[in-house]
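Here is the structure we will look at, set down as structure tokens.
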Amino acid sequence: MPLPGTHSTVNKGRTACRYMFCILAGLLVLGHVARLKADTLTLKSGDVLEGQILSETETQIEIHVSLYHGTIFSTRQVDKSDIQSIVRETLEQKQEKAAYASLAKYTLNPNQELTKDQYAAGIAAFEKFQAKFTNSTATAEINKRLVDWQAEASNVTSGKVKFASAWMTPEEKKVQAAQEALQSLKSQLADLQVQRAKLAAAIATTQTKLTAAQGGTATSPGGGRRDLAGRLTAGITTPQQGEATTGQSGEIAVYQQQMSQEQGTLTSLDAKITDIQSQIPQREQDSKLALAQSKPGTGPNAPAKDVHPSKPPPPPPAPEPTPPWYTRLWNYFHK
């Protein structure tokens, strides 16, 4: 069960890994399906084409060919005059291939156990395949998958849960999940802080270049003379001076645009850093709480402690003093 309030970024890596695992499992199954018995064309050139014959005429055969261990498929038209021999797939082989492909949906999750009903359905499907196709080339693989499913079903029956391909108690899983969430946030924070430091250095460099470019255009023609000649020649520039001024203005605009982009990126990084920093204390608290609950006598099934213990019983009353002898004698004769 996911931790409440966990930020979505914490689960992105884990979700991507699950998708990749499912894709790889599917490719593995497809590859093995392609290696099962299929239609085989042996050409006179020595090439062997394995796949499924789609259509056939008096002069040509169209075959869906599997290449590179079933990872790439293509359709080819082959002239019968180029074929040396044909081995056609039997009905039983076609049924075996279809049955094997149907087992692709029975895939174990490395980070999450399945339900008892799901394990029962998967085990029954593997056993049915074994019983029907006793000579299948996939027998060894099916046996291994069946053993894995039976082992997981046994772990679930004993009350264990699965996390990161390991079996543990539910309390231990809470600890592992909380610590992983905390570590993920800290790792993200460290990466963002490194990015921010590099970006801050880049901004400082751009600012230095911008200041230098602006300083180059600050000096006015005529050396700042205030006499009549200086004022009269202040607006007169040579063509080279005009081109230099235009080039400097363009350079300044480039630096200013670069500064604006870098400042925007810096603001976005600061927002992400602040967001993660605000989540870390809660994740640390969740981790400590899960660790405390995993200790013996502190779980949800532990006996509740008496918040208001009962007061100790009052001491017994002191015995009455023995009356003197004459009082006892008086009482004896006047009973």
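The values are calculated or read from the model by the stated rules, or taken from the named source; none is laboratory data. Here the structure is a predicted model, which means the values were calculated and not measured. Every residue, glycine among them, receives a Cβ derived from its backbone with ideal geometry; neighbour counts consider all protein chains shown.
Worth a mention:
- Residue among A178, A140, A153, A213 that alone is under 30 Å from Y100 (Cβ atoms), in a helix (DSSP H, G or I) and touching a helix residue (DSSP H, G or I) at 6+ places or on another chain (Cβ under 6 Å): A153
Yes/no matrix, rows are residues, columns are (1) surrounded by 13 or more Cβ atoms within 10 Å (Cβ to Cβ); (2) at pLDDT 70 or above; (3) not in a helix (DSSP H, G or I):
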position: K272; (1), (2), (3): yes, yes, no
position: Q285; (1), (2), (3): no, yes, no
position: K295; (1), (2), (3): no, yes, yes
position: P300; (1), (2), (3): no, no, yes
position: P315; (1), (2), (3): no, no, yes
position: P319; (1), (2), (3): no, no, yes
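- Of all residues making up the stretch 98-113, the number that are over 14 Å from A125 (Cα atoms) and among the charged types (D, E, K, R): 1
- Top-ranked residue in the stretch 132-169 [being over 14 Å from Y119 (Cα atoms) and touching a Lys or Arg at 6+ places or on another chain (Cβ under 6 Å); ranked as modelled with the lowest pLDDT]: F163
- With respect to the conditions (1) farther than 20 Å from N109 by Cβ; (2) not assigned by TED's automatic domain parsing to the domain that holds D275, S158 lacks only one, and its number is (1).
- From A140, A121, residue being hydrophobic (A, V, I, L, M, F, W, C) and under 21 Å from K162 (Cβ atoms): A121
- Checked across the stretch 91-98, the condition of being assigned to a strand (DSSP E or B), surrounded by 12 or more Cβ atoms within 10 Å (Cβ to Cβ) and either out of contact with any Ser or Thr (no Cβ under 7 Å at 6 or more places or on another chain) or not assigned by TED's automatic domain parsing to the domain that holds K44 (or both) holds for no residue.
- Verdict on I53 being assigned to a strand (DSSP E or B), out of contact with any helix residue (DSSP H, G or I) (no Cβ under 6 Å at 6 or more places or on another chain) and modelled with pLDDT under 90: yes
- Candidates in the stretch 126-137 are the residues that are part of a helix (DSSP H, G or I) and of a type outside the set (D, E); of these, the one that is surrounded by the fewest Cβ atoms within 10 Å (Cβ to Cβ) is A131.
- Qualifying residue in the stretch 13-32 (condition: of a type in the set (D, E, K, R), outside the structural domain of R145 (by TED's automatic domain parsing) and modelled with pLDDT under 85): yes
- Of all the criteria given as (1) surrounded by fewer than 14 Cβ atoms within 10 Å (Cβ to Cβ); (2) over 43 Å from the mean Cα position of the chain (by Cα); (3) modelled with pLDDT of 75 or more, the one not satisfied by A213 is (1).
- Answer from I83, I123 - the residue that is on the phi < 0 side of the Ramachandran plot, in contact with a Leu (Cβ under 7 Å, 6 or more places away or on another chain) and either of a type in the set (D, E) or outside the structural domain of S154 (by TED's automatic domain parsing) (or both): I83
- Where a residue in the stretch 163-177 is within 16 Å of P110 (Cα to Cα) and its partner, wherever it lies, is assigned to a loop (DSSP other than H, G, I, E, B) and of a type in the set (D, E, K, R), with Cβ under 6 Å and at least six apart: W167/K160
- The C-beta contact set for the stretch 113-128 (first residue over 13 Å from L146 (Cα atoms), second residue part of a helix (DSSP H, G or I) and charged (D, E, K, R), distance under 9 angstrom, 6+ apart or interchain) comprises E113/E152; L114/E152.
- Test: residue in the stretch 107-125 that is within 30 Å of S45 (Cα to Cα) and surrounded by fewer than 15 Cβ atoms within 10 Å (Cβ to Cβ): no
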